[in-house]
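Here the structure is laid out as structure tokens; the discussion comes afterwards.
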Amino acid sequence: MIKSLDAKLAAIKADPKSRAFILADAKDADMAYGVRAPGGRSYLAQRGARPAQFSPEIWTREEYGYRNLPEFLDIIREVTQQGLVDIMLMSAYVNEQLTIKEGLFKNSPITPAARANDTTEVWAVRHGAYTAEPSQPFRSAHIDHIQCGVADCDRDAELPGANLGLYSLTYLNDLQADREALLWYKSFREEAERKGFRHFLEVFDPNVDSGIPPEKLGEFINDNIVRTLAGVPQAGRPIFLKIVYHGPKAMEEIVQYDPNMIVGILGGASGTTHDAFKLLHDAQKYGARVALYGRKINQAEHQLAFIEFLRRITEGQLGPAEAVRAYHGVLQAKNIKPHRALEEDLKLTDVAMSYDNRGAKPRHSVEIRNNPLARKGPAAPSVPPIWPVLANGHPDFARMSSAQRHAYNAARLGGLFP
């Protein structure tokens, strides 16, 4: 089966006006958080109910505060069956269970991937202090383990595992530490090239004080990325980048530098639903073509609905605030208690989303020519006015009752989540 990732990569490279956008679900948190990785207790635990079909909020026990691994695997299976993400990122062990042993992705358009390294920055175990120390390079998984599940793959046979990995770098502005991290990356790149293993490169901000002002970090990261990859020919380069979103200026700068370098964002810590949706919308507007969300998906009240709205935003069908309201309409229809009231969930709490932290409209300093993504969102839906409307005919959400909001969202989404 043709994988959607490959089709979109080809479309982006062939046509700079393509609106193709790659979504990845990061289900590799067991390499960071341990027992907490699958997520906390769901609303179903409070109700003692069995989830309906396609509801990933699975819970069977009362005595622990987190889902177990079998339940986590069920969530991955359901997201895969939904088919709206392009990449499913897992740990090497979960990849073995689902990709190698189960063959989950054989007849799926989704590409399986595994985390190829786990620097100490992600060792976020309870009661530990590892993440407070300067990040050091480390690899638990080897490429053969990801590709076939054993230390040495039979290169003459079809490899049953994933053939895509995430490799992460953390630049600290420390000569010895950064040199050591790059030597590890060099070794990985060379092994990956010999074994035909593709990767995408994740670049974290410094996890300790680097001496660089926050407003300059985007420039520091951009220069390091370009400098690092300048010595790497096409055969060894990542298929795309995954970086922290530092606002329009930094994003446009790295995107316009090399049209062959596809740039994506990482979702980061959980926040309001509006934070998550606006991050995606704005990053795409200023040139990003990939988004990898982990905690923001895994901690959502209804993961499948959350992913559906991420996809609709990338396709220009919904704006961020409208998507938040529609998402709450889905939760209401399914009798799911949201983490926050709608009014709270519509707030922007992520500093990256307010740019200068004063809510001012961001200024653009770098022109991206023929950027098809920098355009206004869709017009209001054509639906019967059975709810309050403004003078221009657009819905008046402030005056809507709960029933009217549900009716609006049901009409807007075509009954996708009845």
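Please treat every number below as a calculation from the coordinates, not as lab data. Keep in mind the model is a prediction, meaning the values are calculated, not measured. Positions of Cβ are generated from backbone atoms using ideal geometry, with glycine treated the same way; all protein chains shown enter the neighbour counts.
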Burial ordering of Met90, Met251, Met31, Met261, fewest other beta-carbon atoms within 10 Å first: Met261, Met31, Met251, Met90
Overall form of region 274-353 per C-alpha gyration tensor (a/c, 1.5; a/b vs b/c): prolate
Rounded Å value of the spacing that divides the Cα centres of region 203-257 and region 101-122: 24
Net length gained if the chain between Tyr130 and Ala14 were fully extended (0.36 nm per residue, minus Cα distance): 37.4 nm
Cα-based Rg of region 76-136 normalised by 2.2 N^0.38 Å, two decimals: 1.42
Shape call, region 4-317: gyration tensor on alpha carbons, a/c limit 1.5: rounded
Local net charge near Glu191, Cβ-Cβ under 12 Å (Lys/Arg +1, Asp/Glu -1): +2
Neighbourhood net charge (13 Å Cβ-Cβ; Lys/Arg +1, Asp/Glu -1) for Phe138: -2
Two-site label geometry, Gln317 and Leu175: point separation in nm, points 7 Å out along Cα→Cβ: 5.4
Selection of GluC sites (Glu not before Pro), region 320-350, meeting DSSP coil and at most 12 other Cβ within 10 Å: none
Computed E for Ala151/Arg340 - FRET, C-beta separation, R0 56 angstrom, nearest 0.05: 0.75
Volume of the Cα convex hull of region 122-270, divided per residue and given in Å³: 138
